[in-house]
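Contents: one structure, followed by commentary.
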Amino acid sequence: MSDLDNDFEETAKKINAKLKEAAEALREANRLSTEAGLVGLIYTQFTSDDLEYNLGRKPTVEQKVGLQKKLEKIDVSELESELCDAGWSPSSSYC
């Protein structure tokens, strides 16, 4: 292997370690979200479906609005920006 290949191997190891850290942090955020009674970290068109499933009945307008207000307090913008920069498209999260 060339020196360039060896250098990249080291860089790949560092990248993978950071991605693992990010996954662990997101796993913890999801756990906290679940503990708080949320059905996710962002409000999507499927959020009320998830809420209905968790409640076992149709949610009231007040429950939907309350959930949306809570989820609006969670700022995912920096995460989404970094995902975009890395090649992912988080815009489909809101479909």
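Here are the numbers:
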quantity: Lone qualifier among Ala12, Ala29, Ala22 - being out of contact with any Leu (no Cβ under 8 Å at 6 or more places or on another chain), surrounded by 12 or more Cβ atoms within 10 Å (Cβ to Cβ) and assigned to a helix (DSSP H, G or I); calculated: Ala22
quantity: Failed item in (1) touching a Leu at 6+ places or on another chain (Cβ under 8 Å); (2) part of a helix (DSSP H, G or I); (3) at pLDDT 90 or above, with Leu41 passing the rest; calculated: (2)
quantity: Yes/no for Val76 being among the aliphatic types (A, V, I, L, M), at pLDDT 90 or above and more than 17 Å from the chain's Cα centre (by Cα); calculated: no
quantity: In region 49-83, the residues that are of a type in the set (S, T, N, Q) and part of a helix (DSSP H, G or I); calculated: Asn54, Gln63, Gln68, Ser77, Ser81
quantity: Identity of the residue in region 84-95, loosely packed, with under 10 Cβ neighbours inside 10 Å and part of a helix (DSSP H, G or I), that ends up modelled with the lowest pLDDT; calculated: Ser92
quantity: Residues (free of Cβ contacts under 8 Å to residues at least 12 places away in the same chain and touching a helix residue (DSSP H, G or I) at 6+ places or on another chain (Cβ under 7 Å)) located in region 45-58; calculated: Lys58
quantity: Residue among Val76, Val65, Val61, Val39 that alone is among the aliphatic types (A, V, I, L, M), out of contact with any helix residue (DSSP H, G or I) (no Cβ under 7 Å at 6 or more places or on another chain) and either within 20 Å of Ala22 (Cα to Cα) or surrounded by 16 or more Cβ atoms within 10 Å (Cβ to Cβ) (or both); calculated: Val76
quantity: Hey, Ala12 over 17 Å from Leu67 (Cα atoms), touching a helix residue (DSSP H, G or I) at 6+ places or on another chain (Cβ under 9 Å) and not assigned by TED's automatic domain parsing to the domain that holds Glu72 or not; calculated: no
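The values are calculated or read from the model by the stated rules, or taken from the named source; none is laboratory data. The shown structure was predicted, so the numbers you read here are calculated from the model rather than taken from an experiment. FYI the Cβ positions are ideal-geometry reconstructions off the backbone, even for glycines, and counts take in every protein chain you see.
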